[in-house]
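Okay, handing you the structure first.
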């Protein structure tokens, strides 16, 4: 066990003794490199016009059948309008 400790100490001292003395550090070398970085651009999307809703066009004295037809039509209008809004929002992603 003593031999291993003595060998380790001897190796450490030998390594320190062989180190160069007063060596001037090398000047850093700068090399210009071009790095491509993605830059966000402004996104211009046309505003989606809000349609004239079917329920707003129904007369107040209309029959229940006409009112229910307008409500069902407006559901489809709103789905289409929402899909147009989503498509416009995805253009900028």
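Find the residue count for region 42-59, including only residues that are more than 25 Å from residue 87 (Cβ to Cβ) and surrounded by fewer than 10 Cβ atoms within 10 Å (Cβ to Cβ).
Here the count works out to 1.
So, one more: When you go through 62, 87 one by one, which is the residue that is without any contact (Cβ under 8 Å) to a residue 24 or more places away in the chain, surrounded by 11 or more Cβ atoms within 10 Å (Cβ to Cβ) and more than 29 Å from residue 40 (Cα to Cα)? Explain how you work it out, then say what you get.
Working: 87 fails: more than 29 Å from residue 40 (Cα to Cα).
Step by step, each of 62, 87 is checked, and only 62 is without any contact (Cβ under 8 Å) to a residue 24 or more places away in the chain, surrounded by 11 or more Cβ atoms within 10 Å (Cβ to Cβ) and more than 29 Å from residue 40 (Cα to Cα).
Read-outs throughout are calculated quantities, based only on the coordinates presented, and are distinct from any laboratory measurement. Note that the coordinates shown come from a computational prediction; the quantities given were computed from them, not determined experimentally. Glycine also receives a Cβ, built like all others from the backbone with ideal geometry; neighbour counts cover every protein chain displayed.
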